[in-house]
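Down below is the structure, laid out as structure tokens.
The values are calculated or read from the model by the stated rules, or taken from the named source; none is laboratory data. The structure presented is a predicted model; accordingly, all values stated were derived computationally and were not measured. Ideal geometry is used to build each Cβ from the backbone, glycine not excepted, and the neighbour counts take in all protein chains shown.
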Amino acid sequence: MLELREASLAILASVDAQTKVSQLLSLFDDYQNQEVTLDVSRHIGCENLTLPGRPAKPELVLPKLVPKRRMDTPEGRAGLLHSLAHIEFNAMNLALDAIWRFPNMPKEYYEDWLKVAKEEAYHFSLVNEHLRSIGFTYGDFPAHNSLWEMVERTTDSVMARMALVPRTMEARGLDAVPSIRDRFKQIKEVRAVEILEIILHDEIGHVLIGNRWFNFLCTKDGVSPISAYRELASKYRAPVLKGPFNIEARKQAGFTAEELSLLGA
């Protein structure tokens, strides 16, 4: 019988994007059908595995070397969609990593991140299917690896992971997606707008899950979320957040009034 955390690691190591998606969706269904066990206490090793498994393309480059995505050419629009596909691919991987890497969390933690992984796989599939409909596919453009780099920095601490990946890196999507959606609205690319609406809705829930478990860990350790976040952001070299911020989405995602005030909101 499959075990959830061990299976999540195996899927994370898979190098083919479509195989990863299909395996993940099957794992989600099997877990819901009680055909997968969960061992929260086991320490799982990843020796001899390259994480995350990823296809040979896209080529990974520094953020400044990713080409600008102009909306007035088919290639520019495809490049923007490709960047979204890459974010969703990495987000799927980070959810899988959160499941297998950190033992001794409540059962609900692993179930939350399995749900996130499934939804990120769905987002990736939506964007990649749309890319294919306009003559491109995932891997056709270079991409940067900033999101996964923060995942790698926080492998030693579940609190740092919750603070700095969903609540910092992914929360930037709450700020960025509306403007991208509006750019596609202006050129009446209806399907892209529909996909971005789905992503924005679901990402609010994903950031909310990050907030839930960060605050759980702060309560458990008897520390202030504000001071804990400040210390973790400094220790793990988190990017300094710059506006504009999507305040309403951040409120829905569980950020407190005090946290929002520190953003200048």
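Below, the figures for the structure above:
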| quantity | calculated |
| --- | --- |
| Odd one out for A56 among (1) surrounded by 14 or more Cβ atoms within 10 Å (Cβ to Cβ); (2) small (G, A, S); (3) part of a loop (DSSP other than H, G, I, E, B) | (1) |
| Long-range neighbours under 8 Å by Cβ, at least six apart or interchain, first residue under 23 Å from L80 (Cα atoms) and modelled with pLDDT of 95 or more within region 108-135, second surrounded by fewer than 23 Cβ atoms within 10 Å (Cβ to Cβ) and of a type in the set (S, T, N, Q) | N128/T137; L131/T137 |
| Residues of region 147-187 classified as within 19 Å of H82 (Cα to Cα) and in contact with a Phe, Trp or Tyr (Cβ under 7 Å, 6 or more places away or on another chain), total | 1 |
| Subset of region 228-245 [aliphatic (A, V, I, L, M) and loosely packed, with under 13 Cβ neighbours inside 10 Å] | V240 |
| Every residue from region 100-118 that is among the hydroxyl-bearing types (S, T, Y) and in a loop (DSSP other than H, G, I, E, B) | none |
| Scan of region 119-163 for residues that are touching a Gly at 6+ places or on another chain (Cβ under 9 Å), crowded, with 22+ Cβ neighbours inside 10 Å and not in a helix (DSSP H, G or I), ordered by number | F141 |
| Members of region 209-240 found to be of a type in the set (D, E, K, R) and at positive phi, listed by number | R237 |
| From the options K251, K220, residue that is assigned to a helix (DSSP H, G or I), loosely packed, with under 13 Cβ neighbours inside 10 Å and among the basic types (K, R) | K220 |
